[in-house]
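Presented below is the structure to which this report refers.
The values are calculated or read from the model by the stated rules, or taken from the named source; none is laboratory data. Just so it is clear, the model here is predicted, and its values are computed rather than measured. Methodologically, a virtual Cβ is constructed for each residue, glycine included, from the backbone with ideal geometry; neighbour enumeration extends over all protein chains shown.
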């Protein structure tokens, strides 16, 4: 089992990391027939479709990025292995057909779908226009469509949107209580995984009567309060207060657009990346459902009930932002950030990425370690997570990324 103390060495390096470092050198671009531009373009198209148009919540949207990237990876690998087939055409057809299935033909959201079908068709035409007409293009399209069909078939009956999962726990100290609208996507922790069969284990939240809990309590009470006047912490907290999945997806797509790689390598990167994020989010949501640990706002207002003499109640305390409709442990933002960062490091090293925040309208440049540093603190400074939920989320995300990479070979 992964223990909190096992993260000590990792966090020492992380917290000491400079916030901006020099970007590593890059290899020469691949030959034109192995260009990854189509894969990068469809990663951005998936991002647009899933989040900008359909507006899915972060952990749910991550599933569909995973479906798309895995289908693209399979299509590219098959096209290269068989030969006489365009891997670019295969990638484009695979991504197009997966997205059309879930956001046009059988939309995830109630009809009418907010996704414009003609836009995806135009995207496909634009991709295929970069591929020479002929047998290689046609064979690539056929391979891509088969890869998409196989992915779609593999997800039938996978537990998505299962209404039988309803979060309900006794109202007692340490237990999160949902809003009237209920927990967001309570089924997510039980959906069939994309790659990992056995979830990563963590040691659970700190006991309410422990000194570790009291320390985390005091940190978030002071730094995450709506009344806090520390402008530096506020700006970083606000920067990371939006959905991290599309921001990270766009950041790595932008980096790859400027640092082209062979199409097989880029397709594998996105497959690893989005499968790891999706499976880590799934693991996080199962813990949120089963552990149901309370959020700081409940803990601080009801501290007289926690049995810890080192905590003091403040019935009027408020976090900097409204608390999301799911429990504290483990942090979904933490598992998304850490699985993303670890996967990028596995493939590319500790590169520097430009991250954009739709909340602040600003961008920041981060290495992957520096990104994890600020994202961890930001969720505490927003007043919505205890440090333990962030640290254990990082353990879960890092290990998930490593296992997904090994599993995909």
Within the range 16-35, does at least one residue satisfy the condition of being part of a helix (DSSP H, G or I), in the same structural domain as residue 368 (by TED's automatic domain parsing), closer than 18 Å to residue 349 by Cα and at pLDDT below 90?
yes
Filter the range 290-314 down to residues that are outside any loop (DSSP other than H, G, I, E, B) and in contact with a strand residue (DSSP E or B) (Cβ under 7 Å, 6 or more places away or on another chain), then give me how many there are.
2
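In the set 234, 208, 188, 194, which member is surrounded by 13 or more Cβ atoms within 10 Å (Cβ to Cβ), over 27 Å from residue 405 (Cβ atoms) and under 24 Å from the mean Cα position of the chain (by Cα)? Give the derivation first.
Values: 208 fails: under 24 Å from the mean Cα position of the chain (by Cα); 188 fails: over 27 Å from residue 405 (Cβ atoms); 194 fails: over 27 Å from residue 405 (Cβ atoms).
The unique qualifying residue is 234.
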Take the conditions under 24 Å from the mean Cα position of the chain (by Cα), loosely packed, with under 14 Cβ neighbours inside 10 Å and not assigned by TED's automatic domain parsing to the domain that holds residue 329 and apply them to residue 170. Does it pass?
no
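Can we say residue 287 is closer than 23 Å to residue 75 by Cβ, assigned to a helix (DSSP H, G or I) and touching a residue at least 60 places away in the same chain (Cβ under 8 Å)? Write out each step before concluding.
Details: closer than 23 Å to residue 75 by Cβ: no; assigned to a helix (DSSP H, G or I): yes; touching a residue at least 60 places away in the same chain (Cβ under 8 Å): yes.
So residue 287 fails the test.
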Out of (1) modelled with pLDDT of 95 or more; (2) in contact with a helix residue (DSSP H, G or I) (Cβ under 7 Å, 6 or more places away or on another chain); (3) not in a helix (DSSP H, G or I), the one residue 267 does not meet is (3)
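Suppose the filter is in contact with a strand residue (DSSP E or B) (Cβ under 8 Å, 6 or more places away or on another chain) and assigned by TED's automatic domain parsing to the domain that holds residue 198; does residue 260 pass it? Outline the logic, then answer.
Numbers: in contact with a strand residue (DSSP E or B) (Cβ under 8 Å, 6 or more places away or on another chain): yes; assigned by TED's automatic domain parsing to the domain that holds residue 198: yes.
Here the answer is yes, as residue 260 does meet what is asked.
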Those residues of the range 237-250 which are touching a helix residue (DSSP H, G or I) at 6+ places or on another chain (Cβ under 9 Å), buried (at least 20 other Cβ atoms within 10 Å of the Cβ) and not in a loop (DSSP other than H, G, I, E, B) amount to 237, 239, 244, 245, 246, 248, 249
Under 17 Å from residue 40 (Cα atoms) and surrounded by fewer than 20 Cβ atoms within 10 Å (Cβ to Cβ): which single residue out of 89, 153, 126, 94 fits that description?
126
Applying the selection to the range 78-113, what residues are under 22 Å from the mean Cα position of the chain (by Cα) and not in a helix (DSSP H, G or I)?
107, 108, 109
Looking at the range 393-403, can you tell me whether even one residue there is in contact with a helix residue (DSSP H, G or I) (Cβ under 8 Å, 6 or more places away or on another chain), crowded, with 21+ Cβ neighbours inside 10 Å and free of Cβ contacts under 8 Å to residues at least 40 places away in the same chain?
no
Looking for something within 22 Å of residue 398 (Cβ to Cβ) and either more than 21 Å from the chain's Cα centre (by Cα) or buried (at least 19 other Cβ atoms within 10 Å of the Cβ) (or both) - is there at least one such residue anywhere in the range 292-301?
yes
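Residue under question is residue 203, and the condition is that it be closer than 22 Å to residue 277 by Cα, assigned by TED's automatic domain parsing to the domain that holds residue 64 and surrounded by 13 or more Cβ atoms within 10 Å (Cβ to Cβ); does it hold?
Working: closer than 22 Å to residue 277 by Cα: yes; assigned by TED's automatic domain parsing to the domain that holds residue 64: no; surrounded by 13 or more Cβ atoms within 10 Å (Cβ to Cβ): yes.
Here the answer is no, as residue 203 does not meet what is asked.
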